[in-house]
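The values are calculated or read from the model by the stated rules, or taken from the named source; none is laboratory data. Please read all numbers here as calculations on a predicted model, not as lab measurements. Note: ideal-geometry Cβ built from the backbone for every residue, glycine included; neighbour counts use all protein chains shown. We work out accessible area using only protein heavy atoms, side chains counted, and drop any ligands, DNA or RNA first. Shrake-Rupley method; radii C 1.70, N 1.55, O 1.52, S 1.80 Å.
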Amino acid sequence: MRIGILGTGNVGRTLAAGWLRAGHDVVLGSRRPGDEELLAELKELLQAGLRVEDPARTAAHAEVLVNATPGTASVALLGSIGAPALAGKVLLDVAVGFLEDESLSHQVLSLGEEIQQAFPDTRVVKTLCTIDRDVMVAPDSLEGPSTLFLSGEDAEAKRVVSGLLADLGWPAESLLDLGGIVTARGQEHFALLFVGIALSTGTFTFNIRFVPPAPGRTDTP
C-alpha cells in the first residue's frame, strides 16, 4: 500500500522502517523535507526506499495516512493539509498529547475524537498508542502474546489497519476492537499508566494482555 506518515520523530521513523520491510511504499511527511540534517539522519531509510515530502504531498500520496505528530499539534497540522485532501482516507492515529507538566492535553475528548470531529469525511482509526515504538514493530520481542487495541467508526478502515498491523508482526488474536472512536479515550489515558509502569520497572519495552474469564466462569452483575 501507499503509506504516508506525518511526523519524522522516533515513532514515525520506526513505523516507516517496519512497513518498508514489509514491502509498502512509504513517504515520510515533514515541514522541512529538503533539510540536509534531517536527510542525513534518515540515510538508511532513504536507501531502503523511503521518500520525504511535505505534509500535503505526503497526504496526496497516501492510501493510509498515519498521524505520528505530537498530539498537541496534530489537528492544526492536519488542518493545514485541508479536509478535502483527507476526505475518504484512512487515518491511523498513533499520537497522544502531553503538556509541559506531563499531563494529557486531551482530558475529555480524545485526540482521536477531535480529529474525527474536525475531519468527518476521514476514516480515523486509533491504535498503537499504548506501547513503545520498539514494540510497535516487534511484538515478538516480548515474552508472550499481548493485546493491541483499535477504536474507530469505520469497519473497513479497521480491516485495512489490521492488515498493516499484521505486516508489523501483530497476529489477529492480539487485536481487540474496542468499538467507536469514543473508546480512544481509554487508549490515550492509558499513557499515564504506561509511564507509571515504565518508571516502576525500568523499561519501556512491555505491553499488557487482555485475559478473559476461565472456561465455565460467568460474569457476575
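Only protein heavy atoms count here; under a 1.4 Å probe, R2 has an accessible surface of about 100 Å². Specify the longest stretch of the chain that does not include any exposed loop site, a site being one of the GluC sites (Glu not before Pro) with a non-H, G, I, E, B DSSP assignment and at most 16 other Cβ atoms within 10 Å. Formally, the longest exposed-site-free interval is 154-221.
If you take the square roots of the eigenvalues of the alpha-carbon gyration tensor of segment 2-148 and sort them as a ≥ b ≥ c, do you get rounded (a/c under 1.5), prolate (a/b over b/c) or oblate? Here segment 2-148 falls in the rounded category. With a 1.4 Å probe rolled over the protein heavy atoms of all chains, the accessible area of S151, S80 falls in the order S80, S151, largest first.
Note on the chain: antiparallel DSSP beta bridges, both residues inside, total approximately 10 percent of the bridges counted. 3J(HN,Hα) along segment 83-95: 4, x, 6, 9, 4, x, 7, 7, 10, 8, 9, 9, 6 Hz, from the Karplus curve 6.51 cos²θ - 1.76 cosθ + 1.60 with θ = phi - 60°, whole Hz, x for Gly and Pro.
Each residue of segment 29-39 was assigned a 3J(HN,Hα) from its phi angle through the Karplus curve 6.51 cos²θ - 1.76 cosθ + 1.60 (θ = phi - 60°); the sequence is x, 9, 6, 10, x, x, 5, 5, 5, 4, 5 Hz, with glycine and proline shown as x. Let me know the shape class of segment 125-221, please: from the alpha-carbon gyration tensor, a ≥ b ≥ c as square roots of the eigenvalues, rounded when a/c is under 1.5, otherwise prolate if a/b is greater than b/c, or oblate. Rounded, because the longest to shortest axis ratio a/c is under 1.5. Summing charges over neighbours of A22, with a neighbour being any other residue whose Cβ is under 15 Å away from its Cβ, gives -2 when K and R count +1 and D and E count -1. Phi angles across segment 51-57 convert, under the Karplus curve 6.51 cos²θ - 1.76 cosθ + 1.60 with θ = phi - 60°, into 3J(HN,Hα) values of 10, 10, 9, 6, x, 5, 5 Hz, Gly and Pro given as x. The slack in the chain from E63 to R159, taken as 0.36 nm per residue of separation less the alpha-carbon distance, amounts to 33.2 nm.
Note on D25 and V195: the extension gain reaches 57.9 nm, defined as 0.36 nm multiplied by sequence separation minus the Cα-Cα distance. Can you work out the FRET efficiency for the pair A118 and R2, with r the C-beta to C-beta distance and R0 = 30 Å, to the nearest 0.05? So the FRET efficiency works out to roughly 0.80.
Ligands, DNA and RNA left out, the 1.4 Å accessible surface of the chain is 53% carbon and sulfur atoms. Placing R0 at 22 angstrom, the Cβ-Cβ distance between E102 and L176 gives a FRET efficiency of 0.20 after rounding to 0.05.
Using only the Cα atoms of segment 1-59, build the gyration tensor, take square roots of its eigenvalues as a ≥ b ≥ c, and label the shape rounded, prolate or oblate: rounded if a/c is under 1.5, else prolate if a/b is larger than b/c, else oblate. Note, shape of segment 1-59 comes out oblate.
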